[in-house]
1. Out of region 277-332, which residues are more than 28 Å from the chain's Cα centre (by Cα) and of a type in the set (A, V, I, L, M)?
2. Note down all Cβ pairs under 8 Å where the first residue falls in region 261-274 and is under 14 Å from residue 222 (Cβ atoms), the second is loosely packed, with under 14 Cβ neighbours inside 10 Å, and they're at least six residues apart or on different chains.
3. Can you run down the residue pairs with Cβ atoms below 7 Å, 6 or more apart or on separate chains, where the first is in region 106-124 and at pLDDT 95 or above and the partner is part of a strand (DSSP E or B) and of a type in the set (Lys, Arg)?
4. Please go through region 51-80 and pick out each residue that is of a type in the set (A, V, I, L, M) and without any contact (Cβ under 8 Å) to a residue 60 or more places away in the chain.
5. Identify, please: which residue in region 89-104 is out of contact with any helix residue (DSSP H, G or I) (no Cβ under 7 Å at 6 or more places or on another chain) and touching a residue at least 40 places away in the same chain (Cβ under 8 Å) and is, among those, farthest from residue 192 (Cα to Cα)?
6. How do the pairs read when you match residues in region 149-161 that are assigned by TED's automatic domain parsing to the domain that holds residue 54 with residues anywhere that are within 16 Å of the ligand (Cβ to nearest atom) and assigned to a helix (DSSP H, G or I), using Cβ under 6 Å and keeping only pairs 6 or more apart or on different chains?
7. Which of (1) hydrophobic (A, V, I, L, M, F, W, C); (2) more than 14 Å from the ligand (Cβ to nearest atom); (3) assigned to a loop (DSSP other than H, G, I, E, B); (4) surrounded by 15 or more Cβ atoms within 10 Å (Cβ to Cβ) is the odd one out, the single condition residue 123 does not satisfy?
8. Cβ-Cβ below 7 Å, separation at least six or inter-chain, first residue in region 317-330 and assigned by TED's automatic domain parsing to the domain that holds residue 283 and under 17 Å from residue 232 (Cα atoms), second among the polar types (S, T, N, Q) and surrounded by 12 or more Cβ atoms within 10 Å (Cβ to Cβ): which pairs?
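The values are calculated or read from the model by the stated rules, or taken from the named source; none is laboratory data. On a predicted model such as this, the values are computed, not experimentally measured, just so you know. All Cβ positions, even for glycine, are placed from backbone atoms using ideal geometry, and neighbour counts span all protein chains on display.
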Amino acid sequence: MHRMSIVPGALMVLLLVQWPALVAGQTGASALGARLLQDASVRSALEGIRAAEPKTLEDQIRLCEIEAPPFKEIRRGVVFAEMLREIGLANVRTDTEGNVLGELAGAEPRPHLVLAAHLDTVFPEGTDVRVTREGPVLRGPGIGDDCRGLAVVLAVARTLVTSGIKTPGTITFVGNVGEEGLGDLRGVKYLFNEGLKGRVDRFVSIDGTGLGITHVAVGSLRYRVTFKGPGGHSFGAFGRSNPIHALGRAVAAISNFEVPREPKTTFSVGRIGGGTSVNSIPFEAWMEVDMRSSDAAALQSLDAKFNKAVDDAVRDEDARWNQRMLTVDKALVGNRPAGQTPADAPIVRAAVAVTRALGATVTLDEGSTDANYPMSLGIPAITIDGGGRGRDAHALTETFDSTDAWRGAQRALLLTIALAQP
Ligand SMILES: [Zn+2]
């Protein structure tokens, strides 16, 4: 960033009105945010992004009205890339996984900050993604999650370019694929394992509404388990091992698992299916299982119990009929690593500091987001909310209340400037 300048008297008055935290006096972690606010160009950029909120909402709506089902984010990605180019970012590109990237060079290549939001939604192809508006409330599938994040990424990039703020470090702005469901974080996994491997010093995802800061990553493991056997007539072939009975044994065992309350560790058999008719021994049965914890060791031990329960269920069902007929396939369809960026890590302290400096309440959360992956690699990473108030995420009735949403954009901007410092 360019040199700090003296705060002119008139502006200071304005600041005191707008940022009560400054008046209250800054100590400890909140000093960074306050220090940045003393810079006239930073303050004018903050005013700029606030004034640009209508444009931010316009971007949010425009992107949201382009379908982006899992694994089919391409059309939204093309438009996002165009928008990054229009802003004037350098080296705008789409990588082989589908992530869209654009750079804003700082004085040096490092520290290198990545500011990302996810392109994908949970909604299948053919969903009506038109956005309607009643006063401050926008309604449309994906409007908050994560079109708000995408729009804030664009707003931060645009504001930095137009305000001419030159940061010491370099910033890459990203619209990434594969955050939701079976996308299994494929976008960020590609960034950290291939595209930007070894070159990211700090990672911030903008995902969610409000002003929370997520620094604990809830990991999850998801399995699709398929039990198979020869099947046959329910009367004529009686005595053969039954895949649905084996599945039932597995579900019974899983339902009795004991898990720690702290860190919260959970399990659920979410879907089951199989069989062809009531008078047949099925040849196949399947279930989908979700297990989560913010503690990697707890998740691992739950995983071991689960695998044993499934294997035991097959063995017991076969033993019941003195047969060896059943097979089981445990397909891992989701693997989000657990992890955390400690609350006293510089990236979290910076997020807390800028949030306080802007007079907002600090909430530290845990969640399952794109930041899980870098956290599991030990790379400083957090997810921040993009402002406003969201409801019914992942439902067709999703809404985004844009009242004071500019606060989220301001906080993202100030954090970006803070994290592009050495
Ligand atoms: Zn999301």
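1. 278, 281, 285, 309, 310, 313, 314, 319, 325, 326, 328
2. Matching pairs, first to second residue: 269/255.
3. If the second residue must be part of a strand (DSSP E or B) and of a type in the set (Lys, Arg), the pairs left are 111/202; 113/202.
4. 51, 74, 78, 79
5. Of everything passing the filter in region 89-104, 103 is farthest from residue 192 (Cα to Cα).
6. 150/63; 151/60; 152/412; 156/412
7. (2)
8. Qualifying pairs under 7 Å: 317/241; 317/242; 318/241; 321/241; 323/241; 325/241; 326/241.
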